[in-house]
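Have a look at the structure below before the remarks.
The values are calculated or read from the model by the stated rules, or taken from the named source; none is laboratory data. Since this is a predicted model, take the numbers as computed values, not measurements. We place every Cβ from the backbone using ideal geometry, glycine too, and count neighbours over all the protein chains shown. Ligands, DNA and RNA are excluded from the accessible area calculation, which covers all protein heavy atoms including side chains. Shrake-Rupley method; radii C 1.70, N 1.55, O 1.52, S 1.80 Å.
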Amino acid sequence: MTWLILAFTSAALLGCYDSFKKEALKDNAVIPVLFLNTLFSSLIFLPFILLSEGSNALDGTAVHVASGGWNEHKYILLKSVIVLSSWVLGYFGMKHLPLTIVGPINATRPVMVLVGALLVFGERLNLWQWAGVLLAVISFFMLSHSGKREGIDFRRDHWIWMIVGAAALGAVSGLYDKYIMAPVESGGAGLDRMMVQSWYTIYQCIMMFAMLVLLWWPYRHHTTPFHWHWSIIGVSVFLSVADFAYFYSLSMPDAMISIVSMIRRGSVVVSFLFGAVFFHERNLKAKAADLALVLLGMLCLYIGSR
């Protein structure tokens, strides 16, 4: 199944994205790093928008960007706000926390998506799915115990709550994707996947430029200074290709959002390995046990969602 291959590809690339993001944020100012990430991502997709609008060169290809008016762009603008809010919280949290802590917390997003589907769409969870939810909750408490060994108090550490908030908003974004990508006859907005990915990147860049000018630039001499690092480009490239594979997967008729979302969170394995090998993070045995529990919960969700 092509959509499954694309989902696994997206997961691997997303793990690299998280790892490059951690490197880019090391002793660096968050807002300019995030602005540059959105800028480079916009530059990747801008040629596709221009070629699609001004010629027939991309007609019938996987990178053709459909045109639309306010009726379509209002959905994309809202997605931009949701995703950017998640990124702002996530970037600040990741800068101050070990990657081996952040990854497993982010991996609980499929559980949040299921709970959201339960509350918003009235879906009912089966026994396997409830088991996955329970394992995710247990793994979170185990992870908090592992964090205490590194001086991280999950209840009082605001960086932890930023990561949790980012994960929750990411789950909201996943549920929203399910709606805007679904065909109109199925009750969705029926938006073109390349239109969504291209334009929400552009909108994010505009919003981040406003934040850069209003919130960071006037106070830049009193906060963490910005320095250029090659990994900033890597963040944009890996995220853009990972999201392309993700949206392409979702656009296929037989794709299941619950399965794609869970596979995508498998990126935690890649980021965990980066944290262990390249960032030399501590307390890996305990965190590996926590990660194994998260993955087991994801497996239960997979079985229950088939």
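Data table
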| quantity | calculated |
| --- | --- |
| Ratio of the Cα radius of gyration of the range 228-274 to 2.2 N^0.38 Å, where N counts its residues | 1.37 |
| Three-way shape call for the range 72-175 based on the alpha-carbon gyration tensor, with the a/c threshold at 1.5 | oblate |
| Extension gain, residue 50 back to residue 230 (0.36 nm per residue minus Cα-Cα distance, nm) | 62.1 nm |
| Calculated FRET value between residue 77 and residue 186, using beta carbons and R₀ = 22 Å, to 0.05 | 0.45 |
| The chain: C-alpha pair distances exceeding 35 Å, % | 18 |
| Whole-Hz couplings from phi, Karplus 6.51/-1.76/1.60, listed for the range 70-75; x for Gly and Pro | 4, 4, 8, 6, 5, 5 |
| Distance between the range 69-91 and the range 264-299 - C-alpha centres, whole angstrom | 29 |
| FRET efficiency estimate (nearest 0.05) - Cβ-Cβ, residue 8 to residue 96, R0 30 angstrom | 0.50 |
| Cross-link pairs beyond the 26 Å C-alpha cut-off, checked among 26/287; 22/178; 95/287 | 22/178 |
| Sulfur and carbon atoms: percent of accessible area, the chain [1.4 Å] | 69 |
| Virtual spin-label span in nm between residue 210 and residue 61, 7 Å along Cα→Cβ | 3.3 |
| Cα-based convex hull volume of the range 138-199 per residue, rounded to whole Å³ | 119 |
| Mean accessible surface per residue for the range 123-251, computed with a 1.4 Å probe while every protein chain stays in place, in Å² | 52 |
| Extended-chain gain in nm, criterion 0.36 nm per residue less alpha-carbon gap, residue 278 and residue 126 | 50.7 nm |
| Per-peptide average of other Cβ atoms within 10 Å, ordering 64-73, 174-183 highest first | 174-183, 64-73 |
| Computed over the range 1-145, Kirkwood Rh from alpha-carbon pairs, angstrom | 18.6 |
| Contact order relative to length of the range 34-178, as percent, for alpha carbon pairs under 8 angstrom and 6 or more apart | 34 |
| Dipole in debye (nearest 20) - the chain, about Cα centre, beta carbon charges: Lys, Arg +1; Asp, Glu -1 | 880 |
| Percent of alpha-carbon pairs separated by more than 24 Å within the range 212-306 | 50 |
| Per-residue [θ]222 nm for the chain (sum of -39500 (n - 2.57) over DSSP H runs n ≥ 4, rounded to 500) | -24500 deg cm²/dmol |
| The chain: most fluctuating residue of 37, 126, 106 per GNM, C-alpha cutoff 10 Å | 126 |
| In order through the range 262-278: 3J(HN,Hα) via Karplus (6.51 cos²θ - 1.76 cosθ + 1.60), integer Hz, x for Gly, Pro | 5, 4, 4, 6, x, 4, 4, 5, 5, 5, 5, 5, 4, x, 6, 7, 9 |
| Nearest-10 value in Å² for the accessible area of residue 186, using the 1.4 Å probe | 90 |
